[in-house]
Structure formats: structure tokens, C-alpha cells
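Notes to accompany the following structure.
The values are calculated or read from the model by the stated rules, or taken from the named source; none is laboratory data. Only a predicted model underlies this, so the values are computations on that prediction, with no experimental measurement involved. Cβ coordinates were reconstructed from backbone atoms using ideal geometry, including for glycine residues, and neighbour counts include every protein chain displayed. Surface accessibility is based on the protein's heavy atoms, side chains included, excluding ligands, DNA and RNA. Shrake-Rupley method; radii C 1.70, N 1.55, O 1.52, S 1.80 Å.
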Amino acid sequence: QKQPSLGNLFINNFKFTDNSKKYYKKCNNKNCKICKYSLNYYFLNLNNFLLPILNNSSCKTENAIYILYCMKCNEYYIGQTNNFKKRIKSHLYDIFSFIPYEKFTTVSIHFNQKGHNINNHFKFLIFKTEGLETPIQRLNIENHLIHIFKSLNIKIINDYIPNIYKLRNI
């Protein structure tokens, strides 16, 4: 069965052959430091554009496009990784060990702003996992997704916005 792609969102008028709902499934480990931040959405509502979650996932997911979400500001960060658990732990470490002008990332700056509470405001979901074994595949989909968000006037936290024309054929 053909897997949906970002191109299918536009070319095939949002019709997918697989009608099952995809989402992030929390693990059964009470001590998991990752799953408590997850969103179990089937889709994201981006200014009335429904962006479906394309694959089931968990904290053990590898080769993923993920989306961080600030519940306070309604802003997003789009990223890609080959090891999701390690990458989210890295984001959390950066937030908790934030030192202004010395030790910081775009995500850590955002979630250390006044009024932000990481337990209430930091959330994530995994958008896509299949067909992303190589860095080029992940970077392409990440680039597409960033530009979809930008075209919908969605606020994103990413400090680097890749050139839309730098997309590569895979």
C-alpha cells in the first residue's frame, strides 16, 4: 500500500488510501522522561489546515520528523533525527541547563522565556517515520514541513529556515 507523502497532501486532494489514525503511543514505563511530554494527536490543526500524522510512533522511534509545540505561545519547532529519544533528551537537557549568552539553543531560549513552564508548555509529536533512513530523506521532509508551516503563517521557533529551492530529489 502506498504511503502518504507531503506531495500527496496537495496533489491527491488530501485523500489517503490508509484511513487508520496514526499517533504517538506512550510507553508503559512510569519513569519515562520522554512520553510525559507527548501529544497523542491524529492531526495538527494549522489555521484550519489539517496536517495528518503519517505514522504510529513511540519513544523508541528512529528516523523521524518531529514537531515540538509550545502550548503557551502556539509556536512550533520542526526537527529531524535518527534517534528520537536521544534528540528529545538533548532538547530537554538544553532547556534545563540553559545559560543566557553562554549555553543556549533556539529551543532552550524559547522555553526559558518568562512565564514558560516546561511541564505545561513543552509538548511534541512525531509527524513521520517511514522512508526516512538517510539524513537527506529526513532533511528533505523537514524542509518541506517547515515551508508548509511558513506558507500557512504558522509561527515557528526554528532559527534556520532552509531555502525551498535546496530540496533534493530522493
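Tabulated data
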| item | result |
| --- | --- |
| Helices (runs of 4 or more DSSP H) lying entirely in the stretch 86-156 (those with 3 or more residues that are open to solvent by less than 20 Å² (accessible area, probe 1.4 Å) and out of contact with any strand residue (DSSP E or B) (no Cβ under 7 Å at 6 or more places or on another chain)) | 135-151 |
| Cross-chain or 6+ apart pairs with Cβ under 8 Å, the stretch 146-170 first and within 19 Å of ASN45 (Cα to Cα), then at pLDDT 90 or above and surrounded by fewer than 11 Cβ atoms within 10 Å (Cβ to Cβ) | LEU152/ASN47; ASN153/ASN47; ILE154/ASN47; LYS155/ASN74 |
| Count of the stretch 65-124 residues which are free of Cβ contacts under 8 Å to residues at least 12 places away in the same chain, under 25 Å from PHE43 (Cα atoms) and among the hydrophobic types (A, V, I, L, M, F, W, C) | 0 |
| Scope the stretch 31-85; condition of a type in the set (Lys, Arg) and either in contact with a strand residue (DSSP E or B) (Cβ under 6 Å, 6 or more places away or on another chain) or exposed (fewer than 14 other Cβ atoms within 10 Å of the Cβ) (or both); matching residues | LYS33, LYS36, LYS60 |
| Residue match in the stretch 14-37 (condition: among the polar types (S, T, N, Q), within 20 Å of ILE141 (Cβ to Cβ) and modelled with pLDDT under 95) | yes |
